[in-house]
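Below is one structure; the comments refer to it alone.
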Amino acid sequence: MTEIFDAIKKSAIEIRNLIQTGDTGKSTQENSTGDTQLKLDIASDEIIENIFKELKSVKAIVSEEQENIVSLHKEGKYLIAYDPLDGSSLVDVNLSVGSIFGIYENDFTGKNLVAAVYVVYGPRVELVIATDEVKMYRLINNEFKFIQNIKLNEKGKLNAPGSTQNCWAPFHKKLIDDIFEDGYRLRYSGGMVPDLHQILLKGGGLFSYPGTTDRPKGKLRQLFEVFPFAYIYEKANGQAVDGFQRVLDIQTTHIHDTSPCFFGSNEEINRVLKVYKENGK
Ligand code: P6P
């Protein structure tokens, strides 16, 4: 799997250079989930696909920016689902964005995730690799240097409430009040990768992207976004749930399926589960 991590590091340096050219470039295309694709999305996707094509250990890949699975090497062991540049439109307002990778064996299901990686393109470029441990690296003089292991506290201080204002569950207001009765700091940029990175680095809290009235099954994609971060949060001593169950136990029916999701420290997630159990459907 080392060659995959090295390939991701190589793609991160190329994508960082691409972002700094400044041209996000609106395109007329839409991706499989109806998001308008920026030239930056398509270019980042090409960088990653071309690098993965060289790896004999990769059997197939699927990108959030493409409709279908791309078969690569039939003797390969790993399947990779990735979001090449999540939150790319934030580049236009100079906010951080990220790439997300789920590395699977046998099939694209939560239970078969064997590693997850994300890259944050911000004032610094940082990369986090989760296998049995969660390790963070920083790009220094064009090389990724190991900085620290990441572990979540039992209870945190940060709250990233994505789109909870129009959550389908009328009790969601109560949920937020119950969970955050003892005061949390609001930290939400609209970019899943920097928002979740901040909670990991600052010791914990809760990131919520629940089902909403217009999207009862949530907005974030299982294979490319939700499962990889669920894997990372669990390996960092936290949890990831859809309100009722562990996210990694969800049965995916289509590669572009979405899911409501809560990522966080044990204390906050256990409160979410309790309130959903008492009030949910
Ligand atoms: P909203 C970015 O478009 C993204 O996919 C995630 O990075 C982010 O958490 C979410 O959507 C933001 O969605 O509805 O708050 O704009």
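Descriptive notes on the structure:
- Residue within segment 214-233 that is within 13 Å of the ligand (Cβ to nearest atom), part of a loop (DSSP other than H, G, I, E, B), among the aliphatic types (A, V, I, L, M) and under 12 Å from the mean Cα position of the chain (by Cα) present: yes
- Of the candidates Val193, Val275, the single residue that is part of a helix (DSSP H, G or I), within 16 Å of the ligand (Cβ to nearest atom) and of a type in the set (A, V, I, L, M) is Val193.
- For segment 243-271, a residue qualifies if it is under 17 Å from Leu152 (Cα atoms) and either in contact with an Asp or Glu (Cβ under 9 Å, 6 or more places away or on another chain) or of a type in the set (A, V, I, L, M) (or both), and the qualifying residues are Phe262, Ser265, Asn266, Glu267, Ile269, Arg271.
- Whenever a residue of segment 212-229 is in the same structural domain as Phe262 (by TED's automatic domain parsing) and closer than 13 Å to Thr252 by Cβ, its partners that are among the charged types (D, E, K, R) and crowded, with 24+ Cβ neighbours inside 10 Å, lying with C-beta atoms within less than 6 angstrom and at least six residues away or across chains, give the pairs Phe224/Asp83; Glu225/Asp83.
- Residue in segment 212-230 that is surrounded by fewer than 18 Cβ atoms within 10 Å (Cβ to Cβ), under 20 Å from Glu133 (Cα atoms) and of a type outside the set (Gly, Ala, Ser) present: no
- Strands (runs of 3 or more DSSP E) contained in segment 79-160 and holding at least 2 residues under 20 Å from Cys261 (Cα atoms) and within 16 Å of the ligand (Cβ to nearest atom): 97-105, 113-121
- Among the residues of segment 186-211, the one identified as surrounded by 24 or more Cβ atoms within 10 Å (Cβ to Cβ) and of a type in the set (S, T, N, Q) is Ser208.
- Evaluation of Tyr188 against (1) in a helix (DSSP H, G or I); (2) within 15 Å of the ligand (Cβ to nearest atom); (3) at pLDDT below 95 (one fails), failing number: (1)
- If the condition is being within 22 Å of the chain's Cα centre (by Cα), surrounded by fewer than 23 Cβ atoms within 10 Å (Cβ to Cβ) and part of a helix (DSSP H, G or I), then segment 46-78 contributes Glu46, Ile47, Glu49, Asn50, Ile51.
- Looking across segment 175-211, the residues that are more than 26 Å from Gly102 (Cβ to Cβ) and either in contact (Cβ under 8 Å) with a residue 12 or more places away in the chain or in the same structural domain as Leu127 (by TED's automatic domain parsing) (or both) come down to Leu175, Ile176, Asp178, Ile179, Phe180, Tyr184, Arg185, Leu186.
- Residue check for Gly205: modelled with pLDDT of 90 or more and either at positive phi or out of contact with any helix residue (DSSP H, G or I) (no Cβ under 8 Å at 6 or more places or on another chain) (or both): yes
The values are calculated or read from the model by the stated rules, or taken from the named source; none is laboratory data. Just so it is clear, the structure is predicted and the values come from calculations on it, not from any experiment. Ideal geometry is used to build each Cβ from the backbone, glycine not excepted, and the neighbour counts take in all protein chains shown.
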